[in-house]
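Visitor: Let me begin by handing over the structure; questions about it come next.
Only the coordinates and a few stated rules stand behind these numbers; no lab work does. Here the structure is a predicted model, which is why all the values come from computation and not from measurement. For neighbour counting, all protein chains shown are included, and Cβ atoms are generated from backbone atoms with ideal geometry for every residue, glycine included.
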Amino acid sequence: MATANWTADNIPSQKGKIILITGANSGLGLEASIVLSGKGAHVVMAARNPEKGERALAEVRRRHPDAEVDLMRLDLADFDSIRRFSEEFHGRYPQLHVLIENAGVMNPPKRELTKQNFEIQFGTNHLGHFMLTGLLLDILKKTPHSRIAVQSSGVHKIKSLKPDIHFDDLNWEKSFKSMQAYSQSKLANLLFAYELDRRLKASNADIIVTAAHPGWTKTNLQNTSGFFVSKIMNNLMAQRVAMGTLPILRAATEEGLAGSEYFGPTGIGELRGYPELVKSSGKSHDKELAGKLWEVSEKLTGMTYNFDGPR
Ligand SMILES: NC(=O)c1ccc[n+]([C@@H]2O[C@H](COP(=O)([O-])OP(=O)(O)OC[C@H]3O[C@@H](n4cnc5c(N)ncnc54)[C@H](OP(=O)(O)O)[C@@H]3O)[C@@H](O)[C@H]2O)c1
């Protein structure tokens, strides 16, 4: 599995595959859309803002004039938007080979809420994707060898942020600590990815779930973190977006994976470098915690997963 200096050149042809990418209008999601379109995939770019989405779509078409690429509207901070998106997706696409769960929001200066009143980072990064996946599971089941690739973050294991799932205050009503809330959401991404992979295996489904993190990559994500981080540190420390996108591209396309692999950069502190398998925290593998998060997520989203039925 270890491939020295893995790059987009290692990605085999993706012709014949339908690949859905959330947060596709910016940063890592846009770069993944460009690369995978260039590899021949039919890419469905999901974006919450139509104007930004159109600009990103034009950029993909500029880079790959023959690209088979569509744009769809999806706001992961609104359950109604996710339901509408799922209905439209079902009407348009018979299959879904790869679902890349990439959209994310980080470190808002003030506590913000989703449409259904969940803290914005937990609500968007975790609950939104939890619901989306459940709604698209039937199409993934109908598609041979399908895959879900989840974008997490190294922040899920930064000890000073006390990463945990705060069941007593999931929405940070008692005391809001923005980066801790982000860390919770990114730990939730991994707990969800591994738990979903276990449940799919138990149900004998032909779907695997993988995960990745991009190290520190210069994108719009840091724009809410103040001048020092977004302008100075981003220019000094962060890697380029093409490099930061490699872990999720590897998680989404590498052949011969079994499921539950986690890719990230292998440089110092996993902040930069070529993607390889890396270790996520012990907590991310805690099955009891994952089971509890699953139950709560079903309750909060009203989304009950259906693992029965045709493979
Ligand atoms: N960059 C890094 O160093 C880094 C490190 C660790 C993890 N990550 C993860 O990588 C992923 C991609 O982030 P990025 O770095 O590429 O940042 P980015 O450039 O800010 O892209 C984030 C994307 O998510 C979208 N998004 C945010 N809220 C959404 C919502 N409610 N519904 C639908 N889409 C929404 C954004 O849309 P708008 O443009 O409309 O806001 C944007 O397209 C995130 O999950 C992030 O947590 C990034």
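Visitor: Rg to Rh for the stretch 55-105: what is it, with Cα atoms only and Rh by Kirkwood?
Guide: Result for the stretch 55-105 is an Rg/Rh of 1.00.
Visitor: Amide H of A149: which non-local residues (sequence gap of 5 or more, or other chain) have their own amide H closer than 5 Å, using H built in the peptide plane?
Guide: Close amide H contacts, sequence-distant or interchain: L99, I100, E101, T210.
Visitor: Using the 10 angstrom Cβ neighbour count as an exposure proxy, how do T7, T143, T124 rank, fewest first?
Guide: T7, T143, T124
Visitor: Follow-up. Calculated FRET efficiency, F227 and E59, Cβ-Cβ r, R0 30 Å, to nearest 0.05?
Guide: After rounding to 0.05, the efficiency reads 0.65.
Visitor: Based on the mean of other Cβ atoms within 10 Å per residue, sort peptides 203-215, 290-302 so the most packed one is first.
Guide: Per-residue Cβ counts within 10 Å, averaged per peptide and sorted highest first, yield 203-215, 290-302.
Visitor: I need the shape label for the stretch 24-168. Rule: rounded when a/c is under 1.5, else prolate if a/b > b/c, else oblate, with a, b, c from the alpha carbon gyration tensor.
Guide: Details: a/c = 1.69, a/b = 1.48, b/c = 1.14.
Note, shape of the stretch 24-168 comes out prolate.
Visitor: Regarding the stretch 229-311, what's the average projected area of the Cα-atom convex hull, expressed in nm²?
Guide: That works out to 8.7 nm², a quarter of the Cα hull's surface.
Visitor: A further question follows. Under the 0.36 nm per residue contour assumption, what length would be gained going from the current alpha-carbon distance of D66 and D169 to full extension?
Guide: Details: separation 103, 0.36 × 103 = 37.08 nm, distance 4.86 nm.
Here the answer is 32.2 nm.
Visitor: Name the residues whose placed amide hydrogens come within less than 5 Å of the amide hydrogen of Y274, ignoring near sequence neighbours (fewer than 5 apart) on the same chain.
Guide: So Y274 has HN proximity to T266, G267.
Visitor: Residue by residue through the stretch 113-120, which ³J(HN,Hα) values in whole Hz follow from phi under the Karplus form 6.51 cos²θ - 1.76 cosθ + 1.60 (θ = phi - 60°), with glycine and proline marked x?
Guide: 10, 7, 4, 9, 6, 9, 3, 4
Visitor: Using mean Cβ contacts within 10 Å as the protection proxy, how do 244-255, 76-87, 227-238 order, highest first?
Guide: 244-255, 76-87, 227-238
Visitor: Now for a different question. Full-extension gain between K177 and K292, please, as 0.36 nm times their residue separation minus the C-alpha to C-alpha distance.
Guide: 39.1 nm
Visitor: Moving on. With θ taken as phi - 60° and the coefficients 6.51, -1.76 and 1.60, list the Karplus ³J(HN,Hα) couplings across the stretch 84-99 in order, rounded to whole Hz; mark glycine and proline as x.
Guide: 4, 4, 4, 4, 5, 4, 4, x, 9, 10, x, 9, 9, 7, 9, 10
Visitor: For a Förster distance of 51 Å, can you work out the FRET efficiency between the beta-carbons of Q95 and K279, rounded to the nearest 0.05?
Guide: The formula returns an efficiency of 0.95 here.
Visitor: Still on this model: What number do you get for the stretch 13-298 when its Cα radius of gyration is normalised by 2.2 N^0.38 Å, N = residues?
Guide: 0.92
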